[in-house]
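Undergrad: Structure provided below as C-alpha cells; questions to follow.
What follows is calculated from the coordinates using simple rules that are stated; it is not laboratory data. None of the values given here were measured: they were computed from a predicted structure.
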Amino acid sequence: MDTLFVFDFDHTLASSPAKIVLKDSGSRFSQKEYDELRKNEPDLTDEDFDYSEFHDFSLTEPIYPIMERFVDSFRVPNSETYVLTARPDASGPEKYLKELLNIPNIQVVAINSPDFGHLEGSDASKKANWIENKLKEGFSTVKYWEDSLANAVKVKNLKKKHQNVNFEVFLVNLDNEKFEFSPLEESSKYKKFQNAVKKRHMGMKKRILKHGNQPPGDPFSVKPSYKRSKSAPPGFGGA
C-alpha cells in the first residue's frame, strides 16, 4: 500500500449540535468542552454523563469541503481510507456515512472502544499510536484531516520517528461560519502554538542559565543564547 487516508469524524467530516449532559447538574457540553472537563476533572466517569444525543444523527450535517476529499480518497489506487473517532462506538458514524454516501466499505475506528483498549494515553496519543501501528503495513504517505490542534500536532510529530514516510496533516477550522482546512504548518492556530512553545522554551532557558551566584568571567565569559536550537538532521537525533 502507498497512501493511508485518515479522517476525524466530529467537526471534520460532519457537524452536529448534539451535546453531552452531566447528569447531576444538567449542564450541556460540546465535544471539545467535554474533553476539557474530563481532563480537568479526572474523577468523573462515563456513568456521570448522558451521551444519548450523540446517538441521534438526524441533525448531523456533512462538512462538504472535507467530505469531498473523503469520497475522492476511495478512488486513489494502492490506498486505504479510515475514519478515526474519539467516540466510544463506531457504529453510529459508520451507519451515517454509509447511508449518506452509499459507499459500503467505509471503515470507522473508535479509539475509545473496548476493541482498542491497548491504545494508551490521551485521545491525541491514541490516534497517533493507531496510525503508527498502521505504518507497519508499509504505507509511504499519510494524509490526515483533523479539527483538533493537539491531535494534528501529535500525528505530525510521528515524522520524527518515521523519516521515510511523507506526512500531510490538514487542520480543519470553522471560520466565519464556514468550515475550511489548510496544511497544519500554514494554519494560524499552529503558528500561535509554535510561538507559545518558543516563548516557553526561552523563559525556561533563562531561568536555568541566566541566574546564579557565580559572577561572569572566565571560563563563562560568553553570554549563552536563549533561543531554541534547530532539530538534529535525520540519523543524528540519538536513540
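Undergrad: Let me see the P(r) profile for region 1-119: every Cα-Cα distance counted, bins of 5 Å, each bin given as a percent of all pairs.
TA: Calculated P(r), rounded to whole percents: 2, 10, 19, 23, 19, 13, 8, 5, 2, 0, 0.
Undergrad: Relative to the compact-globule scaling 2.2 N^0.38 Å, provide the ratio for the alpha-carbon radius of gyration of region 17-56.
TA: Taking the Cα Rg and dividing by 2.2 N^0.38 Å, one obtains 1.06.
Undergrad: With no solvent and one point per C-alpha, what does the Debye sum give as log10 I(q)/I(0) for region 69-180 at q = 0.21, 0.22, 0.23 Å⁻¹?
TA: Relative scattering, expressed as log10 I(q)/I(0), comes to -1.39, -1.48, -1.53.
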